């Protein structure tokens, strides 16, 4: 085992730096013509400490956090062996993880998930057209498939990216005779393949194979291949480290058995076939792949001068990967639980994995049997990434062999052992039912890697506890095994989306992790600072705690102080120790605005009643009291960044001179002399954050009037940003660094209508009404704080919230938290009922309605409530006059920017039948429409709406892609463009591959021909005559399905093959197959 998946940043950074150093060393020596470049004495500071204040400075000043790795670079003359250049140089500033598990490059935070990739080996499956194929996924060499045509019994090799050759000549080239092939595949199959090709065709096939692989011989190609023997042992029954004739024959034989139904296709989604890459692996691979241009540049420079050039390092290789890769993401950073959740994230997508969600078969999104103990069985995305973005289980570890490892109980030795999915395939492994159902003769378990019923006596290993099936975040939810899987998935996500509350509370109900430790304690320990040593607290400063160890050495722990997180939230830590306190190593010494005492604290307990309230809490509606709205005050932080160019002028004095009435004196007093708001200032709506000037080009009218008087010329225009929210804000930090200005502003925002609330059991809703306390129904005489629909429990299938509410009542009564254990084997309701009886607590309470005094009994009590981060809706943009973007859409933002209608508002319009409003918003106000506004102002008839610029642009893009957009009365019809259609819209032929001349004028007959196309900004169509017929891109996939193989989209061969198809016959055949098809994928294929 290499390391735990969830670990502290300092441990992860050690692995990251070691991998980067290994990668750097592997690149040397470098051959540079007459010289050899060598690397010696690579070193770095292993004890470097990045403090929260360093991290905050990097974000505010737009700099990079990393460790500088240096080495002595020696340039040696090849011929003489003499050293011609030698110097200690900076090789790379290696990015390292911050305390909240992100990389910071140029002030922007990035994260990397773990990734699962398919291992190198041979895998069999059926193609979409039902032909069996064996995929050879190689560590070295070009990937290929062996395909069997069931109709002719002929095998072929098809290369990824195109190219096909018959298999039989290749086997002969590897030294196999027809007799040896027949011994494996049978006489009939051998004869079908041998008789298919003449000697001339065989030679052509071999030559094409060599052309496609770039090898000098067939044997050379296969000798240089590399595959994983663990994979072939499972798929072919034997261990192979490279591809040879035996592997090929075994794969061909399995395809034969596959067509007969004697074996099943390989399940490539099982974890035994997957390799886990963690962050250090991904960065090393990025450095390996992206350093090639740097090395080539280095070779070129050194070969000419014999000197290692200054300024060349490997920074760009890794930094560009973090800023541009599909794998790299900007973190959500709503709260620290999200940091940890991100740490356990594992994906199949991105570079090296699956390139697109569109390429994922439906069955690959399923929960795999092999996930047991390794991957959270519930937590996944609800988007198109469902089943692709997952979370590793809480006890998952990474092995040096790239497998995931997890703890399992050895039934024979009665000890815990760490096993990987490959080992699980070879043993009978029981679920935690083994411990809970001790009298059961059969229990659920894995046998040959498949979930089934297994006999108790044949069990070799068992997963020790149900909690090990989930991530730490999912495991923190109480009563997981009493709620539906979908609700557990949502509850797990809600913990990562909870805002920091000013009045936060530690939960009264907690979940057991191990021994006396709870998940809530584990989460708090992971995100809050701890003492590095045994010692005594000797000093506490604003953001520092100093501890003296037994030897007298002082250790300083720096705290996060108003650190701005990505999603307009904040991380702030405060000491929970005082000077003179004795502390132990790893003891928590501070808490954050997301923790309280010894627990994570993401919400608070609201005294709630499950009753309907005047229709306001129907479905996802939630009603709260005014007191609850105040209790739910959340803490936010906003970043305001400004890049100052030479055209800007920062001067409050000059701004006031040019715009004396823009702001009041009181508002201007909040700015410093540069016109930037001061730290510590309280901002109200409309107050300036920055008030500056920026150069502008005078208009034609101003130039004319300027000849009369210079007062008409205004060379500078205002450049301002104001605080635009209704809540008061406090300016926390103002950083000026070079040409950058960063202002961070902190707010405290009470709950309001439209905010989202959630509970830990996957229930969520939107605040629909805030009721004065005296008008709220009363629970035992006290105003209720939250009213929830009782129907939500049934419709969502999450009765765990009832158990929590009762446990919270008991905890409040006894004055201490209660700890419950998920998957303990106990009956949750029976256990809850025992608590109710013991402490004389009821699930029902008396509810009184103040307007009429009516009283009812209903489920009521404290429920732990989270206030969720509310993401911005996708918007329509609309406004009258103003500035427009390049697509002629109104520019949004600020008081004068386009106003928006959110998607939820749009759905409301639709549900109320307000089609006219939507038509007005989208057709008139959502695009530049001067004719409409002129008609409004002049009283002329309103013109009919025209298609928007973006719509027309979209149609043109479709047309350029070979799609004909035919407008009809009831909608649009998309058809393929034919040659006839193209010639109809063409204004002429483009004959030469010319562009523009040295004077930037478009050249005649070129792709900017001024006559045919209208020049550089022309809007006319032209055409290019092609030497061969091609398939319209719209039909390329259909032709592939129709012919049952990969095709090149051009050539007479394809044209003839298509021309020979009996369309009517094929159409009727496809209709019949479609009526019998069962799977979605098969129906989709047949329709196409």
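The values are calculated or read from the model by the stated rules, or taken from the named source; none is laboratory data. This structure is a prediction, so every number in the text was calculated from the model and none was measured. No Cβ is skipped: glycine too gets one built from the backbone with ideal geometry, and neighbour counts run over all protein chains shown.
Anything in region 741-750 that is crowded, with 23+ Cβ neighbours inside 10 Å and touching a helix residue (DSSP H, G or I) at 6+ places or on another chain (Cβ under 8 Å)? List them, or say none.
744
Go through region 259-288 and report how many residues are assigned to a helix (DSSP H, G or I) and without any contact (Cβ under 8 Å) to a residue 12 or more places away in the chain.
Count: 0.
Can you find even one residue in region 469-480 that is out of contact with any strand residue (DSSP E or B) (no Cβ under 9 Å at 6 or more places or on another chain), in a helix (DSSP H, G or I) and either buried (at least 21 other Cβ atoms within 10 Å of the Cβ) or without any contact (Cβ under 8 Å) to a residue 60 or more places away in the chain (or both)?
No, there is no match, as no residue in region 469-480 is out of contact with any strand residue (DSSP E or B) (no Cβ under 9 Å at 6 or more places or on another chain), in a helix (DSSP H, G or I) and either buried (at least 21 other Cβ atoms within 10 Å of the Cβ) or without any contact (Cβ under 8 Å) to a residue 60 or more places away in the chain (or both).
If you go through region 22-53 one residue at a time, how many are surrounded by 18 or more Cβ atoms within 10 Å (Cβ to Cβ) and out of contact with any strand residue (DSSP E or B) (no Cβ under 6 Å at 6 or more places or on another chain)?
Going through region 22-53 one residue at a time, the tally reaches 4.
Just checking, which of 489, 503 is touching a residue at least 12 places away in the same chain (Cβ under 8 Å) and assigned to a helix (DSSP H, G or I)?
Just one listed residue meets the conditions, 489.
Can you name the condition, by its number, that residue 759 falls short on among (1) under 30 Å from residue 850 (Cβ atoms); (2) at pLDDT below 95; (3) surrounded by 17 or more Cβ atoms within 10 Å (Cβ to Cβ)?
(2)
Residues being out of contact with any strand residue (DSSP E or B) (no Cβ under 6 Å at 6 or more places or on another chain), surrounded by 21 or more Cβ atoms within 10 Å (Cβ to Cβ), modelled with pLDDT of 95 or more and not in a strand (DSSP E or B): count how many of those fall in region 394-421.
2
Among the residues of region 655-667, is any exposed (fewer than 13 other Cβ atoms within 10 Å of the Cβ), within 42 Å of the chain's Cα centre (by Cα) and assigned by TED's automatic domain parsing to the domain that holds residue 738?
No - not one qualifying residue is present in region 655-667.
Considering only strands (runs of 3 or more DSSP E) fully contained in region 95-189, which possess at least 2 residues that are over 30 Å from residue 1082 (Cα atoms)?
Answer list for region 95-189: 103-105, 108-110.
Looking only at region 626-664, count how many residues are part of a loop (DSSP other than H, G, I, E, B) and touching a residue at least 40 places away in the same chain (Cβ under 8 Å).
9
Being touching a helix residue (DSSP H, G or I) at 6+ places or on another chain (Cβ under 6 Å) and assigned to a loop (DSSP other than H, G, I, E, B) is the filter; apply it to region 569-622 and report the residue that is farthest from residue 548 (Cα to Cα).
For region 569-622, the residue satisfying everything is 594.
Which number in (1) surrounded by 14 or more Cβ atoms within 10 Å (Cβ to Cβ); (2) under 30 Å from residue 500 (Cβ atoms); (3) in contact with a strand residue (DSSP E or B) (Cβ under 8 Å, 6 or more places away or on another chain) marks the one condition that residue 299 misses?
Condition (2) is where residue 299 drops out.
Being modelled with pLDDT of 90 or more, touching a helix residue (DSSP H, G or I) at 6+ places or on another chain (Cβ under 6 Å), assigned to a loop (DSSP other than H, G, I, E, B) and farther than 28 Å from residue 63 by Cα, is that true of even one residue in region 671-693?
Yes: one or more hits.
Results for (1) within 19 Å of residue 133 (Cβ to Cβ); (2) out of contact with any helix residue (DSSP H, G or I) (no Cβ under 8 Å at 6 or more places or on another chain), shown as yes or no for each residue.
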| site | (1), (2) |
| --- | --- |
| 206 | no, no |
| 214 | no, yes |
| 220 | no, yes |
| 225 | yes, yes |
| 232 | yes, no |
| 241 | no, no |
| 247 | yes, no |
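Going through region 269-280 one residue at a time, which ones are in contact with a strand residue (DSSP E or B) (Cβ under 8 Å, 6 or more places away or on another chain) and crowded, with 21+ Cβ neighbours inside 10 Å?
271, 273, 274, 276, 277, 278, 279
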